[in-house]
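Student: One structure, pasted below without further comment.
The values are calculated or read from the model by the stated rules, or taken from the named source; none is laboratory data. Everything quoted here is computed from the prediction, not taken from an experiment. Because the Cβ atoms are built from the backbone with ideal geometry, glycine has one as well, and the counts that use them run over all protein chains shown.
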Amino acid sequence: GAVVSQHPSWVICKSGTSVKIECRSLDFQATTMFWYRQFPKQSLMLMATSNEGSKATYEQGVEKDKFLINHASLTLSTLTVTSAHPEDSSFYICSARVLAGVNEQFFGPGTRLTVL
Amino acid sequence: DQQVKQNSPSLSVQEGRISILNCDYTNSMFDYFLWYKKYPAEGPTFLISISSIKDKNEDGRFTVFLNKSAKHLSLHIVPSQPGDSAVYFCAASAGWAGTASKLTFGTGTRLQVTL
């Protein structure tokens, strides 16, 4: 099946630092990747849609300058949380859509970010 | 505005019995629906999907029913097993594979299958 990995699985950082999270599709090419965040006991909220070779499309209310997304290749997308603050602490999950498949998205295992 | 709703935050079912998880949606543009299973600190795992041209889709122990007029879908798991204990998310999208359709998720239902 389609496998998506994320790195790191968890990270703790000081307020004001930047954190980069990688999302990789391991056995397929993904022209589109999605970034979600999930707060405790809440749903997954789509942050942005990332297309290979083009700028990401951000959802309303998501600061594009704070959450930088780069989709440099068909197998890699990165999310950089710039100048992180404690309110950015969350569970960040990426997903990838199979290139020639149907509409299922395959999710990575998620990254737990804690900002002190 | 929660366009996909799972009104039951939790459900407890005895092993071997049927688990029924419900999901309601408000956006009439949604035409493709998916169920995902999620364990703590892990990403969701795709379970089963259904398009609006069908009213039922079955895959092993999992069956999804869609009632378009009521804007309601349900996931049936039978027989329920302890390993099914997880949070189940309903998700919906508007559009098929032609565009990178966004998924809108419900808030999830925590299923616990007891012995």
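Student: What is the one condition in (1) more than 25 Å from A:S25 (Cβ to Cβ); (2) within 11 Å of chain A (Cβ to nearest Cβ); (3) surrounded by 12 or more Cβ atoms within 10 Å (Cβ to Cβ); (4) of a type outside the set (V, I, T) that B:C23 does not satisfy?
Tutor: With respect to (1) more than 25 Å from A:S25 (Cβ to Cβ); (2) within 11 Å of chain A (Cβ to nearest Cβ); (3) surrounded by 12 or more Cβ atoms within 10 Å (Cβ to Cβ); (4) of a type outside the set (V, I, T), B:C23 is out only on (2).
Student: OK, next. Name the residue, out of B:S80, B:S28, that is buried (at least 20 other Cβ atoms within 10 Å of the Cβ), away from every other protein chain (no Cβ under 14 Å) and more than 20 Å from A:M33 (Cα to Cα). Spell out the reasoning first.
Tutor: Details: B:S28 fails: buried (at least 20 other Cβ atoms within 10 Å of the Cβ).
Only one candidate passes the filter, namely B:S80.
Residue-wise test of (1) closer than 17 Å to B:V64 by Cα; (2) in a loop (DSSP other than H, G, I, E, B); (3) touching a Lys or Arg at 6+ places or on another chain (Cβ under 6 Å).
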position	(1), (2), (3)
B:D1	no, yes, no
B:S12	no, no, no
B:R17	yes, yes, no
B:N22	yes, no, no
B:N27	no, yes, no
B:L34	yes, no, no
B:K37	yes, no, no
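Student: Can you find a residue in segment B:62-71 that is surrounded by 14 or more Cβ atoms within 10 Å (Cβ to Cβ), of a type in the set (S, T, N, Q) and within 25 Å of A:G61 (Cα to Cα)?
Tutor: no
Student: Look through B:F105, B:F46 and report the one residue that is buried (at least 21 other Cβ atoms within 10 Å of the Cβ), within 14 Å of chain A (Cβ to nearest Cβ) and either more than 30 Å from A:S50 (Cβ to Cβ) or not aliphatic (A, V, I, L, M) (or both). I'd like the intermediate steps shown before the answer.
Tutor: Details: B:F46 fails: buried (at least 21 other Cβ atoms within 10 Å of the Cβ).
So the residue among B:F105, B:F46 that is buried (at least 21 other Cβ atoms within 10 Å of the Cβ), within 14 Å of chain A (Cβ to nearest Cβ) and either more than 30 Å from A:S50 (Cβ to Cβ) or not aliphatic (A, V, I, L, M) (or both) is B:F105.
Student: Quickly run through segment A:23-74 and pick out the residues that are part of a strand (DSSP E or B) and exposed (fewer than 13 other Cβ atoms within 10 Å of the Cβ). First the steps, then the outcome.
Tutor: Quick first cut of segment A:23-74, residues part of a strand (DSSP E or B) only: A:23-25, A:32-38, A:44-51, A:57-58, A:67-73.
Result: A:A72, single match.
Student: Could you go through segment B:86-99 and let me know if any residue there is away from chain A (no Cβ under 11 Å), modelled with pLDDT of 95 or more and closer than 20 Å to A:E104 by Cβ.
Tutor: Start the filter on segment B:86-99 by keeping residues that are away from chain A (no Cβ under 11 Å), which leaves B:86, B:88.
Filter again for modelled with pLDDT of 95 or more, leaving B:86, B:88.
Pick out the ones that are also closer than 20 Å to A:E104 by Cβ and you get B:86, B:88.
Yes, segment B:86-99 has at least one match.
Student: Going by what's in this entry, would A:S15 be described as part of a loop (DSSP other than H, G, I, E, B) and touching a helix residue (DSSP H, G or I) at 6+ places or on another chain (Cβ under 8 Å)? Show your work before the answer.
Tutor: Details: part of a loop (DSSP other than H, G, I, E, B): yes; touching a helix residue (DSSP H, G or I) at 6+ places or on another chain (Cβ under 8 Å): yes.
For A:S15, the condition - part of a loop (DSSP other than H, G, I, E, B) and touching a helix residue (DSSP H, G or I) at 6+ places or on another chain (Cβ under 8 Å) - is met.
Student: What number of residues within segment B:33-43 are under 18 Å from B:H76 (Cβ atoms) and surrounded by fewer than 23 Cβ atoms within 10 Å (Cβ to Cβ)?
Tutor: Result for segment B:33-43: 1.
Student: Follow-up question, since we're still on this one. Say we look at segment A:86-114 and pick out the residues that are within 14 Å of A:K20 (Cα to Cα) and away from chain B (no Cβ under 13 Å); which of these is surrounded by the most Cβ atoms within 10 Å (Cβ to Cβ)?
Tutor: Result: A:D88.
Student: Can you find a residue that is more than 29 Å from A:T111 (Cα to Cα), over 14 Å from the mean Cα position of the chain (by Cα) and in contact (Cβ under 8 Å) with a residue 24 or more places away in the chain anywhere in segment B:55-65?
Tutor: Within segment B:55-65, not a single residue is more than 29 Å from A:T111 (Cα to Cα), over 14 Å from the mean Cα position of the chain (by Cα) and in contact (Cβ under 8 Å) with a residue 24 or more places away in the chain.
Student: Give segment B:4-20 a look and list any residue that's under 17 Å from B:T104 (Cβ atoms) and surrounded by 15 or more Cβ atoms within 10 Å (Cβ to Cβ), or say none.
Tutor: Taking segment B:4-20 first, the residues under 17 Å from B:T104 (Cβ atoms) are B:4-7.
Hits for segment B:4-20 are B:V4, B:K5, B:Q6.
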